[in-house]
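The values are calculated or read from the model by the stated rules, or taken from the named source; none is laboratory data. All values reported here derive from a predicted model rather than from experimental measurement. FYI the Cβ positions are ideal-geometry reconstructions off the backbone, even for glycines, and counts take in every protein chain you see.
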Amino acid sequence: MARPLIELEGIGKSYGTFRVIDGIDLDIPRHSVVSLIGASGSGKSTLLRCLNGLEDIQQGEIRLDGEVISGLGIDHVALRRRVGMVFQSYNLFPHMSVLGNCTVAPVITGACGREEAEARALAMLERVGMRDKAKAFPDQLSGGQQQRVAIARTMIMQPEVLLLDEITSALDPELVMEVLDLVRDLAQQGMTMLLTTHEMSFAREISDKVCFLYKGRILEEGPPEQVFGAPREAATQSFLRRVTAAGRL
Amino acid sequence: MTAAKILDAAVSPGMGEGARQTPPLPTGWPLAFAAALAVASVGIGFLAGGSVAILAGESMRLVGAIAAALAVAFALGIPMSRALRARRLSAEAWRGGVPVAARVEAAHARHHAFTAMGLGLFLLPVLAVATFLTINDAVVYKTFLRGDVILASLVDVTKAFGANLTIAVAAQVLSMLLGLLLAIGRSLQGSSFALVRGVCIFYVDIFRSLPAIVIIYLVCFGVPLMGIPVLSDGDPMLYAIVALSLTYAAYNGEQFRAGLKGIHHSQISAAQSLGIPPGAVLRLIVLPQAMRRIAGPMLGNFIALQKDTALVNIVGIVDAFTQAKIYSANYYNLSSVTVVCILFIAITIPQTRLVDYLVARADTKEGR
């Protein structure tokens, strides 16, 4: 079997005495989708942020395509061009138009010239159904539209892997589907993705593997049918029961 | 009134059978307060009218006083009489068992009473200033607003104002640049830059503590005294620019720092995660957003700097104030200094409006 695109080995991280990540091993094969589920504070988002160097780790090693990308001396700027990330609160740049948001990174990093960046941006906006809003400013868009632009903005950098951090949590319920449809398209096109989500039915449908995080560890992992259908651990069962009661499954 | 009566019949059919009704809002104290203000305004109107009219001749005094008092009484009488009428109607309606109409009329009475109050609160200070300017044979007016002195000094003072403008513009640019460096220096992270942060904090603390006039004095007299080649051979204007730049760099630096800190960390995370290098994150993402937010307070600093250019008169630079003082000494009258006031006002107000416009435009652009 081919080497996984991302390998996490014995990852540990503390904030003071609080052990936010407590020994995590995880492989993410190329073209696969891995979902992290678990309660707030279980370490999902922190783990995601470690993968593109927004947070550093204190133990263990992260490898991207065999190359170590954790620890001292990592060129984070170069790394982040390979690892794209989309955030819960979209984080579009409010002083730039949709097109400006999409072209600023490729132009400034020298990935391509302005003209080509604009052409690529318009093509990507077309894919996410936002081409007609290219001249709009973020605050003129709905949350779902903003998130679609944020995904397009990240995809233009042609990352090898996409990190999605609760990308539908800030959305009104009726806007969730448009964003999830887009993620589903990306998955079908073979994009490697690691996502944290509270949309359990979506995680179940899209994921090749689901990991349940509990107190900084992966308590249970496996194919979605197994984790959702027949969870072994009591904590997983209890979490899923609560999620079901809240109508999220 | 009729509509209210119909409404009453519809919503309070139980009225006759002793349903409890909330009485209208009070109209007594608003009317009493308005009446007191009205009496005071008429009184000060009498004073102001007489005082102003005396400029046209002693015989005009009483005529002016009575005319002004009548005008004020008329202006305040209209809302007062409307308020009283509505109050009467309200009381009648309440007694007549039409509570909704009573409340409506009471609301009208209060509205008119508040209008009279507002008018009184406006007229009182305006008339008081008019009285002050013209009292005692218009001595105040003649001290500060003598037309012949203003005309005589206008050209020279305005020319000398060029020095203030030169110093202000140059120091604004320099203090912005230095302030930005201070803010960035103070925002640097990590133990390697602890000393840089310390220097920036020290600078800001020192220069915010020292009065601008003292720094101007020290720089403008001290640097030439030191006798260092080149450095000591500069123009006094140049030293003044440096002194004010040093002072205002501290204020601007704090403003920039507040602006940089005000940008939510998620904006930086997003920019970083797109692979944008740190310098470009600051230049393209953080600074433009910060600048928009601090435009208002920053302009406040600019205006303060502009005004402080008048301090250079202590080191002998001929600015507008120095020139005006020469005229005021010659004429034994302060009207030439009034010209300085007008010039400062004339350049400041447009700047305030410009920034209001820029901020409003930025807001619509961002939809904020």
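Among the residues of the range A:218-242, how many are crowded, with 16+ Cβ neighbours inside 10 Å, among the aliphatic types (A, V, I, L, M) and closer than 23 Å to A:SER32 by Cβ? Quick ask: steps written out before the conclusion?
Within the range A:218-242, the first condition is being crowded, with 16+ Cβ neighbours inside 10 Å, and the residues that meet it are A:218-222, A:224, A:227-228, A:231, A:235-236, A:239-240.
Filter once more, keeping what is among the aliphatic types (A, V, I, L, M): A:218-219, A:227, A:235, A:240.
Still in the list and also closer than 23 Å to A:SER32 by Cβ: A:218-219, A:227, A:240.
Qualifying residue count for the region: 4.
I'm checking my understanding of the structure. Among residues of the range B:275-285 that are more than 17 Å from A:ILE74 (Cβ to Cβ) and facing chain A (nearest Cβ under 10 Å), which one is surrounded by the fewest Cβ atoms within 10 Å (Cβ to Cβ)?
Here the answer is B:GLY279.
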How many residues does the range A:173-189 hold that are loosely packed, with under 12 Cβ neighbours inside 10 Å and touching a Lys or Arg at 6+ places or on another chain (Cβ under 8 Å)? 0
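Matching residues to (1) at the interface with another protein chain (Cβ under 8 Å from one of its Cβ atoms); (2) aromatic (Phe, Trp, Tyr); (3) more than 30 Å from A:LEU26 (Cα to Cα); (4) within 22 Å of the chain's Cα centre (by Cα):
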{"site": "A:GLY60", "(1), (2), (3), (4)": "no, no, no, yes"}
{"site": "A:MET85", "(1), (2), (3), (4)": "yes, no, no, yes"}
{"site": "A:GLN88", "(1), (2), (3), (4)": "no, no, no, yes"}
{"site": "A:PRO94", "(1), (2), (3), (4)": "yes, no, yes, yes"}
{"site": "A:CYS102", "(1), (2), (3), (4)": "no, no, yes, yes"}
{"site": "A:PRO106", "(1), (2), (3), (4)": "no, no, yes, yes"}
{"site": "A:CYS112", "(1), (2), (3), (4)": "no, no, yes, no"}
{"site": "A:ASP132", "(1), (2), (3), (4)": "no, no, yes, no"}
{"site": "A:LYS135", "(1), (2), (3), (4)": "no, no, yes, no"}
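Any residue that is modelled with pLDDT of 90 or more, in a helix (DSSP H, G or I) and touching a Lys or Arg at 6+ places or on another chain (Cβ under 7 Å) - is there at least one of those in the range B:284-304? Walk me through how you get there before you give the answer.
Step one: list which residues in the range B:284-304 are modelled with pLDDT of 90 or more, which gives B:284-290, B:301-304.
If we keep only those that are in a helix (DSSP H, G or I) as well, we get B:284-290, B:301-304.
With the extra rule that they be touching a Lys or Arg at 6+ places or on another chain (Cβ under 7 Å), the set shrinks to none.
No, the range B:284-304 contains no residue that is modelled with pLDDT of 90 or more, in a helix (DSSP H, G or I) and touching a Lys or Arg at 6+ places or on another chain (Cβ under 7 Å).
Looking at B:GLN272, B:GLN289, which is the one that is touching a residue at least 24 places away in the same chain (Cβ under 8 Å) and within 14 Å of another protein chain (Cβ to nearest Cβ)? Outline the logic, then answer.
Working: B:GLN272 fails: touching a residue at least 24 places away in the same chain (Cβ under 8 Å).
The unique qualifying residue is B:GLN289.
Residues of the range A:12-51 being polar (S, T, N, Q), under 25 Å from A:PRO223 (Cα atoms) and either part of a loop (DSSP other than H, G, I, E, B) or within 14 Å of chain B (Cβ to nearest Cβ) (or both), which ones? Give the derivation first.
Let us first name the residues in the range A:12-51 that are polar (S, T, N, Q), namely A:14, A:17, A:32, A:35, A:40, A:42, A:45-46.
Those still in the list that are under 25 Å from A:PRO223 (Cα atoms) too: A:32, A:35, A:40, A:42, A:45-46.
Correct list: A:SER32, A:SER40, A:SER42, A:SER45, A:THR46.
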